Every structure is written in C-alpha cells, then in structure tokens.
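For reference, the structure is listed below as structure tokens.
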Amino acid sequence: MRSIIELKVADGLNLLAYRAAPDGASKGGLVVLQEIFGVNHHIRNVADRFAGLGYTAVAPALFDRTERGIDIGYDEAAVNRGIKLRTAIKLEDTLLDVAAAIQSLKGAGKIAVIGYC
C-alpha cells in the first residue's frame, strides 16, 4: 500500500510523507531520507522497493518547513534550488522531522534510517 500521510512533529508542524507498506507482515520500518530534490519519483521508488522487500518505508518531506510539495528534477537549477531549501532549515528541526517519521513506524518492527544524496 502506497500513500501520502501527514506526520505530526513535536513542534506542532504537520509534515507530509510518502509511506510504502509491504503486502504482508512488515519485517521492520525504514525512514528514507530524501536527497536535495525532495520526495521525488526516485525517493518514492526507493521506498516502494523497500516495501517490496517486506519493510514499511516512510520518506518525510523534509523541505515542508520552507515549501510544501517539493519534487524537483536533476538539472542545475534544481540543484541550486535544493541547496537553497536545505540551507534554510535548521538541523534541529530536521531531527524533529526524522523523529516524527520514526514515531510513525512504531509497530512495524525494528526501525532504521537510511539517507541519500
């Protein structure tokens, strides 16, 4: 099952995330951290592949703090935009967002975090 969910972050932010769950019982949970291109087709595909292997994967939209719905390509303008978005967010806030994604996976088994970029 694939869906867009909303995560409630400890500081009150509602954060979007892509969730991919296996057809059967979950072997564990994975938080899939995006590249600077947002939760785009590549990150959704990564989450889908983990679900195909039996894991529940959640990819939080880490840029929602500055702009919601970021899904950009790979050209030079996109890279520059992604860098600008990333640098506008404090590390402490990103860690809160990752914690919310981890919390959303409670009950899926052991949880790991994997990142790309």
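The values are calculated or read from the model by the stated rules, or taken from the named source; none is laboratory data. Model, not experiment: these values are computed from the prediction. Cβ coordinates were reconstructed from backbone atoms using ideal geometry, including for glycine residues, and neighbour counts include every protein chain displayed.
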Exercise for review: Would you check if there is a residue in the range 95-110 being farther than 16 Å from residue 5 by Cα and assigned to a helix (DSSP H, G or I)?
Suggested key: yes
Check your understanding: Does residue 2 count as free of Cβ contacts under 8 Å to residues at least 60 places away in the same chain and under 29 Å from residue 75 (Cβ atoms)?
Key -> yes
Study note, to complete from the structure: Here, strands (runs of 3 or more DSSP E) confined to the range 1-46 with at least 1 residues that are within 10 Å of the chain's Cα centre (by Cα) and of a type outside the set (A, V, I, L, M) are 14-20
Review point. For the range 2-46, what are the residues that are at positive phi and surrounded by fewer than 18 Cβ atoms within 10 Å (Cβ to Cβ)?
Key: 12, 28
Check your understanding: Do any residues in the range 23-49 that are free of Cβ contacts under 8 Å to residues at least 12 places away in the same chain have Cβ atoms under 6 Å from those of residues that are part of a loop (DSSP other than H, G, I, E, B), where the two are at least six apart or on different chains, and which pairs are they?
Key -> none
Practice item. Please determine, by comparing only the residues of the range 47-70 that are small (Gly, Ala, Ser), in a loop (DSSP other than H, G, I, E, B) and modelled with pLDDT of 95 or more, which one is farthest from residue 90 (Cα to Cα). Key: 54
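Here's the yes/no breakdown for (1) in contact with a Cys (Cβ under 9 Å, 6 or more places away or on another chain); (2) among the hydroxyl-bearing types (Ser, Thr, Tyr); (3) exposed (fewer than 14 other Cβ atoms within 10 Å of the Cβ); (4) touching a residue at least 24 places away in the same chain (Cβ under 8 Å):
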site: 69; (1), (2), (3), (4): no, no, yes, yes
site: 77; (1), (2), (3), (4): no, no, yes, no
site: 83; (1), (2), (3), (4): no, no, yes, yes
site: 88; (1), (2), (3), (4): no, no, yes, no
site: 92; (1), (2), (3), (4): no, no, yes, no
site: 102; (1), (2), (3), (4): no, no, no, yes
site: 110; (1), (2), (3), (4): no, no, yes, yes
